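These notes concern the structure reproduced below.
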Amino acid sequence: MGTLRMGALTRRRVGLRAAELEYAVLDMETTGLEPGSGARIVEIAVVRVRGDGKPVEEFSTLVDPRAKVRGQEFHGIGDGDTIGAPTIAQVAPRLAELLSGAVVVSHNLDFELRFLGSELVPAGLPTGQSGLCTLRALRSQIDLDRYSLPKASFRLSGDWPTGQHTALGDARACAKLLVEMIANAPGELRYNGPAPRTLDLPEPAPEAGPWGVVEPVRWKPRTASVPGGAAALSPWRANWRPRELDALLCGGAFGTTDRAIAELAAHRDTRFRDRLATVAAVTGGLAATAAGGLLVRLAGSRAGGSAGVRRARTGLAAAFRDRTG
């Protein structure tokens, strides 16, 4: 089973009402981009929030990576800052508590997934929780020139996020973007994916102090709490797509060709659904039942993993080249 079971936001009448779920918005600061090259987590934060915007809980701490801290030019964390911070094994039980019963969210969740799998799962974090990427969700639903967290936030609400390149600052910005997206959507947004589940919490990892005495874990937050709680939600200046894109096709760099492929797929999917609706109206319930079964089979093949997505992208790229000469 993968670290997370990914879902998506949709305006179609499928899945769970997004406003009624709880979300654990996760962000990390790391010493590099690839754990396979030795990069480690040096700060982690979770903002737990309801889909209607009500804040539930915040948590953040620096993490002792047990290695030299690199990337200071990006995150501003030095070797001395992590002295006395908990290890990742000590953070894992608290993180499991925060993720339990919620959809795990991040802006470019693919990045966080690499570090969840390389450090936190081996430390005892349970796998299989529901997941949602706000980067893919934005690309799927809204037409923007840039989709980075700060630029998208400013373009949509007029507010630049504060505390950039701190784990808690970025988690807060992502949580605000998520709940504003749900509040500003032209129709009800739903979460189409596995329902969040209650996790089995791992036992806290005891760690002896300098005199061999096991001491309680002491968190080391870098960012203070926000006075007055969460900021008010802003109205968006958003160009919502008339046809939402498949979130599976909205990852990576999402350059011109990637956008065109995703838009062509959405156009074909819309035409297919329109034809099914026409067939159902003309021939009645029997045709509708058969068409519904076909849709289920197509959805199953779409959810068949990265290999299926690659095959779909290859076929769509060829179709795009044929259409554009």
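The values are calculated or read from the model by the stated rules, or taken from the named source; none is laboratory data. Here the structure is a predicted model, which is why all the values come from computation and not from measurement. Cβ placement follows ideal geometry from the backbone for every residue including glycine, while neighbour counts extend to all protein chains displayed. Only protein heavy atoms, including side chains, enter the accessible area calculation; ligands, DNA and RNA are left aside. Shrake-Rupley method; radii C 1.70, N 1.55, O 1.52, S 1.80 Å.
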Checklist entry - Within the range 140-156, which residues are out of contact with any His (no Cβ under 9 Å at 6 or more places or on another chain), open to solvent by less than 20 Å² (accessible area, probe 1.4 Å) and either part of a helix (DSSP H, G or I) or over 12 Å from ARG237 (Cβ atoms) (or both)? => result SER140, GLN141, SER153, LEU156
Item to check | Within the range 30-48, tally of residues that are open to solvent by less than 40 Å² (accessible area, probe 1.4 Å), under 29 Å from ASP246 (Cα atoms) and under 18 Å from the mean Cα position of the chain (by Cα) | outcome: 4
Item to check | Of the criteria (1) open to solvent by 30 Å² or more (accessible area, probe 1.4 Å); (2) among the small types (Gly, Ala, Ser); (3) touching a strand residue (DSSP E or B) at 6+ places or on another chain (Cβ under 9 Å), which one GLY117 fails | outcome: (3)
Item to check | Top-ranked residue of the range 251-265 - restricted to ones that are of a type in the set (A, V, I, L, M, F, W, C) and touching an Asp or Glu at 6+ places or on another chain (Cβ under 7 Å), ranked as farthest from PHE111 (Cα to Cα) | outcome: ALA265
Item to check | Close pairs (6 angstrom Cβ cut-off, 6 or more residues apart or separate chains): closer than 22 Å to GLY163 by Cβ in the range 18-33, outside any strand (DSSP E or B) and among the β-branched types (Val, Ile, Thr) anywhere | outcome: THR31/VAL69
